[in-house]
Each structure stands twice: as C-alpha cells, then as structure tokens.
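Asks: Sharing a structure here in structure tokens format.
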Amino acid sequence: LLALRYQFGSCGYTKLTQSKLVTLTKMAYFSHFFLEIIIYAPLRSSRSNNNGLACRILGIMYQKGNGVTQDLAKAEDLYQKGCDLDDGLACAFLGGMYIEGKGVTKDLPKAKSLFQKGCELDAGLACRMLGTMYQKGNGVTQDLSQAERLYQKGCDLDNGSACALLGVMYAGGKGVPKNLSKAESLYQKGCDLDNDNACALLGVMYAGGNGVPQNLSQAVALWQKGCDLDNSTACSLLGTMYHNGIGVTKNLAKAFNLWQKGCYLDNGSACALLGTMYHHGTCITQNLAQAELLWQKGCDLDEGSACALLGTMYHNGDGVTQDLAKAKTLFQKGCDLDDGLACRVLGTMYHNGNGVAQNLAKAKSLFQKSCDLEDSLACRVLNTAYHHDHAANQNLSKAENLLKKHVSSVLQKHAQRHQPSVEPDTFWDLRSYCALVFGKQHLLDIEQVNSAVQRSSPLQALRNTPCQRICHDPVLIIAFSTAGDEV
C-alpha cells in the first residue's frame with residue numbers, strides 16, 4: 001500500500017523508481033504500529049485531499065477488516081467518495097456491495113448505474129460485472145450481444161475474468177458464433193493475466209484436444225497454475241491426472257494433497273474423490289468417519305457422485321448405522337444431479353421394494369436414466385428386462401444394444417487394469433454378447449476361461465487371429481482385453 005502511494009506520487013510522496021518500489025514492497029512486514037504510522041495515517045490524509053484511489057484502498061481495508069476493524073458502512077462511504085472522484089474501481093467495488101446486498105440493501109439498478117460509470121472510466125472489472133448482469137438478465141433485460149461487448153471491453157482493459165467469460169461464450173456459441181480458436185486465445189490471455197478460471201478452462205481444452213491439439217503436459221501445467229491461483233476445479237482435475245498417471249507420473253500422495261486443497265476450496269468432486277481415498281485407505285489410514293464427512297460435504301456442494309457414495313454407506317450400513325430412508329434421499333438427490341450410480345441403486349431399491357414401496361415402472365425408468373448416463377450395469381439390467389418384454393420386437397434390438405454398451409464398458413476397464421482374470425458376471429455378459437452377435441452359445445466355464453488367459457501371451461496369440469474369431473470366442477475376447485488393445 002505504501003508502494004502504491006509512492007508509485008502514483010500522490011499525497012506529497014515523491015514517485016520512486018521501479019527497483020525502489022520492489023524494495024519497498026519487500027519491506028511490507030511491519031508491525032501494526034508502523035503500518036498505522038506509515039500507511040493508514042497518510043491514506044486518511046489523502047482521503048481529505050480528495051484522492052479517489054486512496055479512498056478506494058481505505059475502503060477495501062474496512063470492507064475486509066484488513067488492519068482495521070471491519071466496518072461495511074465505512075467501506076460504502078469510502079467507495080462512494082472514491083467513485084465520486086472518478087475512481088472506476090471504487091465504483092465497481094461499491095456496485096459489488098449493492099449487487100450482493102452485503103453491508104447495504106440489495107439494489108440492482110444502483111449496482112448497474114455504478115458498473116456503468118466504472119466501465120466508462122475504463123475499469124475493466126466494472127465492465128465485466130455489468131456484462132455478467134446482461135448475460136444473466138440480472139436486474140436488466142438479458143442481452144447477450146451487450147454482454148459480449150462489455151466482456152470484450154473488459155478483456156481489452158486487461159481484466160482476466162472478462163477474457164475468461166468471453167471465451168466461454170465463444171466456446172459454447174452462446175450469443176456469438178462458436179469459435180474455439182477465439183475461445184483458446186481469450187483463455188490464454190486471461191490465464192496470462194492470472195485469472196484462475198481461464199487457466200482451468202484452457203487446460204480442459206488441451207486435455208481433451210478440443211479446438212487445439214491434445215497436449216496433456218500443457219493441460220497439467222495450466223491446471224497447476226490454476227490450482228496455485230486457488231481454482232478448485234483445476235486442483236480437482238490435476239489430482240485426477242496424478243491419481244491415474246495421465247500426462248504425469250502416477251503419484252497418489254500428490255493426488256491426495258490436490259484433492260484436499262480442492263475440497264477445502266469447496267469443489268464437490270474433489271471432496272468425493274478424497275472421501276474415496278479415506279474409505280479405501282488409499283495413501284492414508286482408512287477412516288470411514290472422515291469419508292462420510294467428505295462425501296456429505298461433496299453432496300451439500302451438489303456433487304452427485306458424493307451423494308451416491310454416501311447413500312451407499314447408509315444403504316449397506318458401512319461405517320454408519322444402516323438407514324434406508326436416508327439412503328433413498330441421498331440416491332434421489334444424486335440421481336437428480338445426473339449421477340448414474342445413484343439412479344441405478346435407487347432403481348434397485350424400487351425394483352426390490354427395499355426401503356420403499358415396490359414400483360417396477362419407476363425402477364425401469366431409473367435404470368434407463370442410469371444407462372443413458374453411461375452406467376453399464378444399469379444397461380445390463382435393462383437388457384434382461386427388454387429381453388423378457390415381448391410387447392414389441394424393437395425391444396430385442398434395444399436389448400442387444402444395451403448389452404453391447406455394457407460389454408464395451410467392461411472390456412475397457414479390463415484393458416485399463418490389464419487384469420489377467422475375469423469375474424463370473426463378466427464372463428456371462430461376454431457369453432451372452434457372443435450369443436447375440438452369432439446366435440450361438442459357448443458352453444465354457446469360468447475356470448477354463450481364466451486358465452486359458454493366465455497361461456497365454458495375449459498379444460502373441462492374437463497377432464494373426466481374424467477379428468471374427470476373436471469376437472466369436474469368449475476366451476479370446478478376454479485375452480484380447482487384457483492385452484490392453486482396443487476391442
């Protein structure tokens with residue numbers, strides 16, 4: 001703050017060179033006694049000398065209780081004086097108080113007026129905040145073209161958040177023509193301006209090769225920067241990379257720390273994943289009570305997977321007293337949040353009349369939603385249901401497609417784990433799949449299958465095997481999947 005006084009040469013201070021400013025900034029470890037003498041008193045003095053910047057800085061102190069007793073009424077008064085003295089950021093901060101109703105009565109028209117003045121004074125933050133009002137239709141008639149114009153001005157004024165939000169518009173084609181190249185350049189500028197959200201979003205583009213060549217190492221670097229800037233999503237996504245060893249060397253301890261930070265920053269997905277580590281005792285002593293707390297927090301943050309996992313604890317009495325009513329509530333919330341596991345288990349409860357009145361129609365509807373959400377086991381259940389439903393011939397085709405979807409998911413998991421054996425349920429799914437494709441059952445038992453897989457070298461055995469032969473023989477299907485190749 002003292003550096004700012006010298007930098008602008010106001011309040012009687014002589015403007016200093018850049019090197020002296022750096023030195024002065026490094027000296028900012030004074031006691032409150034020296035802060036009062038050197039900083040607060042000059043700021044109060046500059047306020048009386050009608051300096052808008054000083055009013056704004058002092059307003060920030062009172063709003064946050066930074067070095068002074070928090071006083072929102074004083075903050076409002078200081079921001080108002082700063083804005084009257086044409087400090088655009090003071091207008092933006094005061095508008096923020098009115099739009100949130102913190103320390104003042106919520107007043108959207110007044111917030112709009114303040115943001116408008118701040119933007120006209122070339123405060124990029126004010127342009128961004130006014131743009132958000134127009135984008136969401138918050139206190140104004142929704143106008144995406146106006147939002148785009150304001151975000152563009154904010155970005156041109158080096159507001160990283162405005163760049164990120166404009167990038168989102170171009171990435172989704174909302175209010176503007178979809179343009180991934182423009183979205184990428186906007187995210188890059190926002191990230192260069194240390195906007196955490198821009199770094200996270202640009203990382204997603206590189207991780208998925210969406211509009212840019214896929215580059216996992218670049219995604220990791222961007223998410224690391226985003227996480228360092230306290231972006232919870234970046235921490236969560238980077239943790240997943242380290243957990244799975246994607247783009248980086250697998251490091252469970254690092255994944256744990258990243259998910260812990262992400263959860264602390266209120267990312268529901270990070271809480272769910274961290275809870276799973278505690279539940280399984282991965283990289284830390286198993287602690288079911290801690291897993292419950294983390295999954296509860298994740299569910300409260302509207303992370304569907306956390307609701308599903310917590311519901312499973314209560315459904316099974318795993319570390320908690322069994323409570324089917326609570327499990328049902330959690331599964332319902334998880335399903336409403338589009339979590340496939342939650343929908344499937346809730347469907348099973350309705351199918352079996354377990355903790356709820358039996359309702360087969362509702363169960364089937366939940367299984368269908370779960371399957372649509374890529375839960376392969378739900379597809380398997382529906383396969384059986386449609387096979388026994390002869391009301392329409394089209395259901396047999398639907399059954400086949402559902403089973404193919406389930407088997408594809410199963411084999412992908414086998415390939416990822418390079419698993420040298422197969423569970424009984426998986427074997428029967430594979431055998432049923434072959435029957436659907438070729439109309440023929442293979443009367444092999446599970447021991448034969450696993451024995452054949454374990455004593456063979458899958459890649460060597462399959463190198464010259466015709467594709468039809470692979471699909472025709474469950475032993476070869478499983479051996480092929482364990483080799484890690486695409487099915």
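The values are calculated or read from the model by the stated rules, or taken from the named source; none is laboratory data. The structure presented is a predicted model; accordingly, all values stated were derived computationally and were not measured. When we count neighbours, we look across all protein chains shown, and the Cβ atoms used for this are built from the backbone with ideal geometry, even at glycine. Only protein heavy atoms, including side chains, enter the accessible area calculation; ligands, DNA and RNA are left aside. Shrake-Rupley method; radii C 1.70, N 1.55, O 1.52, S 1.80 Å.
Asks: Considering each of 262, 208 in turn, give the residue that is at pLDDT below 95 and under 16 Å from the mean Cα position of the chain (by Cα).
Replies: On the way: 262 fails: at pLDDT below 95.
Just one listed residue meets the conditions, 208.
Asks: Which of the residues spanning the stretch 79-97 are over 11 Å from residue 53 (Cβ atoms) and open to solvent by less than 20 Å² (accessible area, probe 1.4 Å)?
Replies: 79, 83, 91, 92, 94, 95, 96, 97 - these are the residues of the stretch 79-97 that are over 11 Å from residue 53 (Cβ atoms) and open to solvent by less than 20 Å² (accessible area, probe 1.4 Å).
Asks: Determine the pairs where a residue that is on the phi > 0 side of the Ramachandran plot and outside any helix (DSSP H, G or I), located within the stretch 186-197, has a partner that is open to solvent by less than 50 Å² (accessible area, probe 1.4 Å) and modelled with pLDDT of 95 or more with Cβ atoms under 9 Å apart, the partner being 6 or more residues away or on another chain.
Replies: 194/160
Asks: Kindly provide the set of residues from the stretch 92-128 that are in contact with a Gly (Cβ under 6 Å, 6 or more places away or on another chain) and among the aliphatic types (A, V, I, L, M), ordered by number.
Replies: Residues satisfying the conditions are 92, 97, 108, 111, 114, 121, 123, 126.
Asks: Let me ask something else. I'd like the full set of residues that are surrounded by fewer than 16 Cβ atoms within 10 Å (Cβ to Cβ) and within 26 Å of the chain's Cα centre (by Cα), limited to the stretch 153-162. Can you show your working first?
Replies: The first filter runs over the stretch 153-162 and keeps only residues surrounded by fewer than 16 Cβ atoms within 10 Å (Cβ to Cβ), leaving 156, 158.
Matches in the stretch 153-162: 158 only.
Asks: So residue 228 clears everything in (1) surrounded by fewer than 22 Cβ atoms within 10 Å (Cβ to Cβ); (2) more than 22 Å from residue 257 (Cα to Cα) except one condition, right? Which one?
Replies: Every condition holds for residue 228 apart from (2).
Asks: Criterion first (open to solvent by less than 50 Å² (accessible area, probe 1.4 Å) and modelled with pLDDT of 95 or more) does residue 239 satisfy it?
Replies: Working: open to solvent by less than 50 Å² (accessible area, probe 1.4 Å): yes; modelled with pLDDT of 95 or more: yes.
Against the criterion (open to solvent by less than 50 Å² (accessible area, probe 1.4 Å) and modelled with pLDDT of 95 or more), residue 239 qualifies.
Asks: Related question: Which residues, taken from the stretch 62-72, are closer than 10 Å to residue 103 by Cβ and open to solvent by less than 60 Å² (accessible area, probe 1.4 Å)? Can you show your working first?
Replies: Step one: filter the stretch 62-72 for residues closer than 10 Å to residue 103 by Cβ, giving 62-63, 70-72.
Residues satisfying the conditions are 62, 63, 71, 72.
Asks: Does residue 176 satisfy the criteria of being in a helix (DSSP H, G or I) and either surrounded by fewer than 17 Cβ atoms within 10 Å (Cβ to Cβ) or among the β-branched types (Val, Ile, Thr) (or both)? Steps first, please.
Replies: Values: in a helix (DSSP H, G or I): no; either surrounded by fewer than 17 Cβ atoms within 10 Å (Cβ to Cβ) or among the β-branched types (Val, Ile, Thr) (or both): yes.
No.
Residue by residue, here is whether (1) open to solvent by less than 50 Å² (accessible area, probe 1.4 Å); (2) over 17 Å from residue 228 (Cβ atoms) holds:
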site: 247; (1), (2): yes, yes
site: 261; (1), (2): no, no
site: 269; (1), (2): yes, yes
site: 274; (1), (2): yes, yes
site: 277; (1), (2): yes, yes
site: 284; (1), (2): no, yes
site: 287; (1), (2): no, yes
site: 291; (1), (2): yes, yes
site: 300; (1), (2): no, yes
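Asks: Please state which of the following conditions residue 181 fails to meet, knowing it meets all the rest: (1) over 12 Å from residue 131 (Cβ atoms); (2) under 21 Å from the mean Cα position of the chain (by Cα); (3) part of a helix (DSSP H, G or I).
Replies: Only one criterion is unmet by residue 181, namely (2).
Asks: Mind checking which residues of the stretch 105-152 are under 26 Å from the mean Cα position of the chain (by Cα), assigned to a helix (DSSP H, G or I) and surrounded by fewer than 21 Cβ atoms within 10 Å (Cβ to Cβ)?
Replies: Selection gives 132, 136, 144, 148, 152.
Asks: Open to solvent by less than 20 Å² (accessible area, probe 1.4 Å) and under 22 Å from residue 256 (Cβ atoms): does that describe residue 310? Even if it seems obvious, please write down each step before you answer.
Replies: Details: open to solvent by less than 20 Å² (accessible area, probe 1.4 Å): yes; under 22 Å from residue 256 (Cβ atoms): yes.
Criteria met by residue 310.
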